[in-house]
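First comes the structure, then the notes that go with it.
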Amino acid sequence: MWVRLPPAAPLMQNTSENLITYFRPMVFKSSPIGNEISCVMYGLSEEILNDGEKLKNLLLEGLRRDNFKILEIADYKFQPQGYTICILLAESHAAIHTYPEYHSLMFYLYSCREEGDGKKTFEFLKEKLNPSTIDFKERAVKVEQQTNF
């Protein structure tokens, strides 16, 4: 992202030096700790697991409620059954993959915002899908450099 700064001196026409002075890159540093959530939700109906539009809308709504910025969406309906959706986020990514023959789905989310992030999305999906059981894993992911280079 670029930010426009007022020039230190009057601009001269057509010089790259003026562009460097006029436009400077904005410095951004992510949190050194991200959050990873993965879970399998069991006991779901084949009907919901094969309804790609409904699953896409639920995942998008959960991400929006959790203040994620959605950049791109890729999804695929398998034949004869199953569905996968991957969402590219400004903060990283989220995905759902269904297993209708096992009445389950896999949900995965990684966020670089901070530890504990993405929990609202998970809770929203859990409430809306109402699985009989859930195998839930969450971990903080530290990406900070351990040594000075």
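Coordinate-derived values only; no laboratory data. Just so we're clear, the structure is a prediction, and the values are computed from it rather than from any experiment.
Straight-line reach from LYS54: which lysines have Cα under 24 Å away, leaving out those fewer than 8 places along the same chain? Correct list for LYS54: LYS69, LYS77, LYS119, LYS120, LYS126, LYS128.
Overall shape: prolate for segment 33-142, with the ratio a/c of the largest to smallest alpha carbon gyration tensor axis at 1.5 or above and a/b above b/c.
Taking each residue as 0.36 nm, the span from ARG64 to SER45 lengthens on full extension beyond its C-alpha to C-alpha distance by 4.3 nm.
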